[in-house]
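Here, each number is a calculation from the coordinates, and none is a lab measurement. It should be emphasised that the depicted structure is a prediction, and the values quoted were computed from it without experimental measurement. Counting neighbours? That spans all protein chains shown, and the Cβs are built from the backbone with ideal geometry, glycine included.
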Amino acid sequence: MHNRFSSFAVLAATAATIGLALSPSAGASASHAAKLSPPVIREGFTPAPCTGKPGHRTTLQLEQCAGQQIARSDKQINALNRKIFNALPSDSARRDLIAGHKAWLAYRSSYCLSESDVFQGGTLAGVVEANCFVTINGQHVTNLKRFLKNLTANN
């Protein structure tokens, strides 16, 4: 498995592992489990500034601009996950959220890598993958907002 982002050194799948490293497995018993914590996305890159004029950006600039968008939506996802996590009624429900987030990150990574396969070996592959992350993150933000609204409406 590889990541085509030329400006990103670590796979998104690694980010999923790092983001969930402090969370116990779903099978851990409550008495022996570490304290549960909300799932967090920690990308393996530091976003570079978005430069260049729209419509006249280089491939690297396009990736950097997408990286900025990914970082912004990751912050939204992390904040929403934290609110949802804290509003959930039980540790079992929190473990389900953690497992769902881990599965979602794996989906995002695999789906976007697959979408960029159309341009495999070309410089556009990284741009397509990065833009896919932007799109998938945006959809996830919408879903998490709805989840939080429904969760807090029922409490």
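Quick notes on this one:
- For 112, 50, order by how many other beta-carbon atoms lie within 10 Å, fewest first: 50, 112
- Remark: the residue 149-residue 46 segment gains 33.9 nm on full extension, using 0.36 nm per residue and subtracting the alpha carbon distance.
- Set of lysines near residue 102 by C-alpha distance (under 25 Å), chain-local residues within fewer than 8 positions excluded: 35, 75, 83, 145, 149
- Cα-based convex hull, segment 50-155, per residue volume (Å³, whole number): 93 Å³
- Proximal charge balance of residue 35 [Cβ under 15 Å; K/R count +1, D/E count -1]: +2
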